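Below is one structure, written out as structure tokens, with a few remarks after it.
The values are calculated or read from the model by the stated rules, or taken from the named source; none is laboratory data. Everything quoted here is computed from the prediction, not taken from an experiment. As a convention, Cβ positions derive from the backbone with ideal geometry for all residues, glycine included, and neighbour counts pool all protein chains shown. In case anyone asks, the SASA skips ligands and DNA or RNA and just uses the protein heavy atoms, side chains included. Shrake-Rupley method; radii C 1.70, N 1.55, O 1.52, S 1.80 Å.
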Amino acid sequence: MDREQEDMQFLGLFGIYLESYKIIFNFRRTFTKITLALILPLSFIFLAHIDVSEFLFHKIIRTENQRDRFQEGSYWYAKLSDVLTFELAAFCLVKFIYFTFFLVFSLLSTSAVVYTVASIYTGRDVTFRRVMSVVPKVWKRLMVTFLCAFLAFFLYNVVAVLTIIVLFIIVLFMIILSFPTEYIDKIVLFFSFVIMILYAVGFVYMTVVWQLASVVSVLEDMKGFKAMNKSRNLIKGKMWIAMVIFFKLNLAMIGIQILFEIVVVMRGLIGIQILFESVVVMRGSFGIAGRLGFGFLCLLMLFKVFLFGLVIQTVIYFVCKSYHHENIDKSLLSDHLEVYLGEYVPLKSMDVQLEALNNSKCDI
């Protein structure tokens, strides 16, 4: 990073993008090795899971349809029930393996990129070997933060489900009390729209807090809910910029996933075929080689989005620190990063962070 930290608070949407691009471009050799070792397998796991899951899902649907043709209690009904049980077990096993490997590579990638960007910020020598020696020590802290974030998302979804249940009960009472149908429809439509918008905004906000907390877990002596609380405080003032950035990144990932499913994966989904008829025709004209080529293109786009997103979330951390005048002494941060190379002895939060920038200037 060639910017002074006090200047980073003025970075807007485009400035954060540009700063992230400069970091990747100037240290492209290191980031290329990190990508090949961690981010590329992460992207491959993500896309391969979609293909395998779709294949198993359609086998399950086909087996269910075949079983329903026979009378319950017959030989073939029992035989197909055993096949269905096996296919469901295989589907669950694939999901478990996917989430395990995806989580591991995701945490390792985050550890590597955050450490690399912080090392660049402090002017330390960055090598791939050094980064990979640090990653196993950092990702354990990230796991604690992830588990706390998972619990927070779980409770958030529980509250959302309870809200929907309450709305359903209210509508049920309105029907019993013979409210006009038009009146009920308007109420359901209005509250459904409000709940959907609030849920989406809250989900994006919690995602931003979690991802920034991952950076906090690496660069400060905090993890778990403590890191998430620190992240929540840091994001104030830059919340909408961060939410827009992460929303756009997630939108790009969803777009890549949809393209991959339509062109490469799709198997007999009539509704989608009608909706994307032109794409399906193009898919049919591709052939196997064309579909593999398009799948490779999706893989390239996806790992670039992953890498860019991880660098951006670290840059946003420094932007938020600068905005709140929480200046970080580069030598102390460098010492904190150096600790990962030996026996981990966590630094106190006061050792990593200086007081507010204005107070620091007064002391000087």
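Scanning the range 296-308 for residues that are open to solvent by 10 Å² or more (accessible area, probe 1.4 Å), more than 14 Å from Lys22 (Cα to Cα) and either in contact (Cβ under 8 Å) with a residue 40 or more places away in the chain or touching a Gly at 6+ places or on another chain (Cβ under 9 Å) (or both) yields Leu299, Met301, Phe303, Val305, Phe306. Looking across the range 22-54, the residues that are hydroxyl-bearing (Ser, Thr, Tyr) and either surrounded by 18 or more Cβ atoms within 10 Å (Cβ to Cβ) or touching a residue at least 12 places away in the same chain (Cβ under 8 Å) (or both) come down to Thr30, Thr35, Ser43, Ser53. For the range 55-76, the criterion of being among the small types (Gly, Ala, Ser), farther than 21 Å from Glu261 by Cβ, out of contact with any helix residue (DSSP H, G or I) (no Cβ under 9 Å at 6 or more places or on another chain) and open to solvent by less than 60 Å² (accessible area, probe 1.4 Å) is met by at least one residue. Within the range 130-152, restricting attention to residues that are under 17 Å from the mean Cα position of the chain (by Cα), open to solvent by less than 30 Å² (accessible area, probe 1.4 Å) and among the hydrophobic types (A, V, I, L, M, F, W, C), the residue that is farthest from Ala37 (Cα to Cα) is Ala152.
Looking only at the range 174-202, residues that are surrounded by fewer than 10 Cβ atoms within 10 Å (Cβ to Cβ) and either in contact (Cβ under 8 Å) with a residue 12 or more places away in the chain or not charged (D, E, K, R) (or both) come to 4 in all.
Residues considered: Val194, Val208. Of these, the only one that is assigned to a helix (DSSP H, G or I) and either at pLDDT below 85 or within 27 Å of Cys298 (Cα to Cα) (or both) is Val208. Residues of the range 220-263 being open to solvent by less than 30 Å² (accessible area, probe 1.4 Å) and not in a helix (DSSP H, G or I), which ones? Within the range 220-263, Glu220, Met222, Gly224, Ile235, Lys238 qualify.
Let's see how each residue does on (1) of a type in the set (Phe, Trp, Tyr); (2) within 20 Å of Ser214 (Cα to Cα):
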position: Leu42; (1), (2): no, yes
position: His49; (1), (2): no, no
position: Tyr77; (1), (2): yes, no
position: Leu88; (1), (2): no, no
position: Phe96; (1), (2): yes, no
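Answer with yes or no whether Leu249 is touching a residue at least 60 places away in the same chain (Cβ under 8 Å) and touching a strand residue (DSSP E or B) at 6+ places or on another chain (Cβ under 9 Å). Lay out the reasoning, then the answer.
On the way: touching a residue at least 60 places away in the same chain (Cβ under 8 Å): yes; touching a strand residue (DSSP E or B) at 6+ places or on another chain (Cβ under 9 Å): no.
It is false that Leu249 is touching a residue at least 60 places away in the same chain (Cβ under 8 Å) and touching a strand residue (DSSP E or B) at 6+ places or on another chain (Cβ under 9 Å).
I'm trying to understand the selection: among the residues of the range 306-322, which are among the β-branched types (Val, Ile, Thr) and more than 18 Å from Asn26 (Cα to Cα)?
Kept after step one, since they are among the β-branched types (Val, Ile, Thr), are these residues of the range 306-322: 311-312, 314-316, 319.
Listed by number, the residues that qualify are Ile316, Val319.
If only one of Phe86, Phe101 is under 30 Å from Thr63 (Cβ atoms), touching a residue at least 40 places away in the same chain (Cβ under 8 Å) and open to solvent by 50 Å² or more (accessible area, probe 1.4 Å), which one is it? That would be Phe101, the only listed residue that is under 30 Å from Thr63 (Cβ atoms), touching a residue at least 40 places away in the same chain (Cβ under 8 Å) and open to solvent by 50 Å² or more (accessible area, probe 1.4 Å).
When we screen Leu18, Leu47, Leu56 for residues that are closer than 29 Å to Gly237 by Cβ and of a type outside the set (S, T, N, Q), the only hit is Leu18.
Among the listed residues Arg124, Arg130, Arg141, which satisfies the condition of being assigned to a loop (DSSP other than H, G, I, E, B) and in contact (Cβ under 8 Å) with a residue 40 or more places away in the chain? Write out each step before concluding.
Working: Arg130 fails: assigned to a loop (DSSP other than H, G, I, E, B); Arg141 fails: assigned to a loop (DSSP other than H, G, I, E, B).
Unique residue meeting the criteria: Arg124.
Under the condition of being surrounded by 12 or more Cβ atoms within 10 Å (Cβ to Cβ) and at pLDDT 80 or above, which residue from the range 119-129 is nearest to Phe99 (Cα to Cα)?
Phe128
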